1. Can you compute the modelled spin-label distance between Leu62 and Asp44, with each label point 7 Å from Cα toward Cβ, in nm?
2. Under a no-solvent Debye model with one identical scatterer per Cα of segment 15-63, what's log10 I(q)/I(0) at q = 0.15, 0.17, 0.19 Å⁻¹?
3. Just want the ordering: Tyr34, Tyr41, from fewest to most Cβ atoms lying within 10 Å of their own Cβ.
4. Given a cut-off of under 8 Å on Cα pairs at least six residues apart, what relative contact order in percent is computed for segment 15-63?
Amino acid sequence: MHFLLGLYRIFILNGQISMMVAGLLIPIIANYYYINGISSYGIDLDPVSMSITFLFHGAALLLFKCSM
């Protein structure tokens with residue numbers, strides 16, 4: 001039983017960390033596109049990327065909360 005509980009917690013943490021890292025990388029990639037002039041019409045993508053980051057971090061905290 002303890003082994004299964006440990007596996008469950010590892011799954012929860014891996015999923016949560018993966019979503020947090022994905023949320024962290026989105027603004028970095030958006031800034032790369034903006035600085036190098038790859039973004040459409042020279043539009044700054046920071047507000048959009050921060051909104052998407054907020055969604056990823058919120059989902060990571062709410063979907064993968066460990067209640068044990």
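1. With each label placed 7 Å out from Cα toward Cβ, I get 2.8 nm.
2. Computed log10 I(q)/I(0) values: -0.40, -0.49, -0.58.
3. Exposure proxy ranking, most exposed first: Tyr41, Tyr34.
4. Result for segment 15-63 is 54 percent.
No lab work stands behind these numbers, since they all come straight from the coordinates. Worth saying up front: this structure is predicted, and the values here are computed from it rather than measured. Virtual Cβ from ideal backbone geometry, glycine too; neighbours counted across all protein chains shown.
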